[in-house]
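Presented below is the structure to which this report refers.
The values are calculated or read from the model by the stated rules, or taken from the named source; none is laboratory data. Since the structure is predicted, the reported quantities are computational estimates derived from the model, not experimental observations. Neighbour counts run over all protein chains shown; Cβ positions are idealised from the backbone, glycine included.
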Amino acid sequence: MLFEFILAAFLSNYLRKKLQPSTFTIPWDKILTAAMVVSIGLMVISTTVSSAKNLVGIAIYTILCGQVYISLTYPEFSTAKSMVHAVIPYIIIAFLTFIIRWISRPFYAEWNNYFETGQLFAVIWMIAMAVIVNRQNKALEKQKLQLLEKEKENKITETLKAALEVQVAERTAALTLQKDELEHALVELKATQEQLIQSEKMASLGELTAGIAHEIQNPLNFVNNFSEVNAELITELEHEITKGNIEEILLITKDIRDNQEKITHHGKRAEAIVKGMLQHSRNSTGQKEPTDINALADEYLRLAYHGLRAKDKTFNAAMKTEFDPAITAVNVIPQDIGRVILNLITNGFYAVAEKKKLGLAGYEPTVKVSTRKLRPGANGGEKIEIRVSDNGSGIPKKILDKIFHPFFTTKPTGEGTGLGLSMSYEIITKGHGGELRVENREGEGATFIIQLPA
């Protein structure tokens, strides 16, 4: 009987702990506390008053049955049902054993082993269920804790979300304002860039002016000289006509004709120089036309050299050319290609002039322009290659990857816009589908290589 008393007291306390406070309609806490106290009291009575054992036993089983009934009937004990289910088999077997022993002791004595075995299995069942219920309760507690944590996280997330929405709204308003300011700044930047590009074009035209003046002076001198000679020959011709000297008249006429051919030749030479200047100064039409690359490169080499000589009388450099005669007229935009070649040659002259200032013994500043026709390869059809080489100081490795960036220049302030190479790169790669790269020999010079589809 001792186990039944302990079970009644334990079950009372267990049910009291598993009450659902939100559904309190009956004072179960007090009732169960009273049941626990009564169970303990009955246990004391059963050990002291042997004659009352049967009545005490009925009372304790009544308490156990009552506990089972209220736990299965009322929603306040929904979380305790699993444990109560575990206790029921033991209560039934123990109660039947108690009744049979009370009614017929001989029958009980005969079947005692079976009743005890049944009670043993019921206890094992109750212990196993208690372990399972305990694990389930721990799992439920863990889930509750996780749910609570999740609720806290959700609350924090909602709070942060609200704060973030406010920040997003504020930043959106700020970004809208910044966008308007940036669009305005972009318009101004584009206008400034167009002005700078035009300034770069005018700067290159300025460099050409002195060279053109020098170049055009030679054919003009020839034209003037041969015109004067022809004027004298005409005077002689008139004198010989009056004499009727036919042989002398024919000789003078031949000299006049020869001189006239020379005047025409040098006049066309001057015309070609002026035409080249006009092509360089006007905006590109974007129309490609057959162009003699060798003549174009030779023209701009001499114009660039004489232009620098006009600005600085102390400047001097050797000019070398190596043109491939196999190159015929190439379909390009002559104004644009002319600007590129002029820019590369001018940069080469600048590099050798700067190295000359170092006073190195035996140094001879040299700029070389060469062309060659490339055979079709794996990367495409025939190509034309133009190389502009100098024996200056080369390009420092730390800035080599920046030289084609807009506004990047190594020249002192006021001597360059930093747009020359970037414009050249755009003209060659985007305007003509070609390639512009550099082979650098730091301390020894650099070679800029243009490759154009033939």
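Summed over the stretch 35-57, the residues that are of a type in the set (A, V, I, L, M, F, W, C), modelled with pLDDT of 70 or more and surrounded by 13 or more Cβ atoms within 10 Å (Cβ to Cβ) give a count of 7.
Considering only the stretch 421-444, state which residues are polar (S, T, N, Q) and without any contact (Cβ under 8 Å) to a residue 24 or more places away in the chain. Please lay out each step first, then the result.
Start the filter on the stretch 421-444 by keeping residues that are polar (S, T, N, Q), which leaves 422, 424, 429, 440.
Within the stretch 421-444, SER422, THR429 qualify.
Of all residues in the stretch 7-33, those satisfying the criterion of being exposed (fewer than 13 other Cβ atoms within 10 Å of the Cβ), modelled with pLDDT of 70 or more and part of a helix (DSSP H, G or I) are LYS17, LYS30.
I'm trying to understand the selection: among the residues of the stretch 302-319, which are surrounded by 15 or more Cβ atoms within 10 Å (Cβ to Cβ), of a type in the set (A, V, I, L, M, F, W, C) and not in a loop (DSSP other than H, G, I, E, B)?
LEU303, ALA304, LEU308, ALA310, MET319
Does the stretch 316-329 contain at least one residue that is basic (Lys, Arg), in the same structural domain as GLY433 (by TED's automatic domain parsing) and within 42 Å of the chain's Cα centre (by Cα)? Checking the stretch 316-329: not a single residue is basic (Lys, Arg), in the same structural domain as GLY433 (by TED's automatic domain parsing) and within 42 Å of the chain's Cα centre (by Cα).
Per-residue answers, yes or no, for (1) modelled with pLDDT of 85 or more; (2) surrounded by 15 or more Cβ atoms within 10 Å (Cβ to Cβ); (3) touching a Gly at 6+ places or on another chain (Cβ under 7 Å):
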| position | (1), (2), (3) |
| --- | --- |
| ASP180 | no, no, no |
| LYS190 | no, no, no |
| GLU194 | no, no, no |
| GLN198 | no, no, no |
| ALA203 | no, yes, no |
| GLY211 | no, yes, yes |
| ALA231 | yes, no, no |
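Condition test on GLU299, is it among the acidic types (Asp, Glu) and assigned to a loop (DSSP other than H, G, I, E, B)? Let's see the steps before the verdict.
Values: among the acidic types (Asp, Glu): yes; assigned to a loop (DSSP other than H, G, I, E, B): no.
No; evaluated as a whole, the condition is false for this residue.
For every residue, the table says whether it meets (1) among the aliphatic types (A, V, I, L, M); (2) touching a strand residue (DSSP E or B) at 6+ places or on another chain (Cβ under 8 Å); (3) surrounded by 11 or more Cβ atoms within 10 Å (Cβ to Cβ).
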site	(1), (2), (3)
ALA109	yes, no, no
ILE124	yes, no, yes
LEU148	yes, no, no
GLU151	no, no, no
THR157	no, no, yes
ALA169	yes, no, no
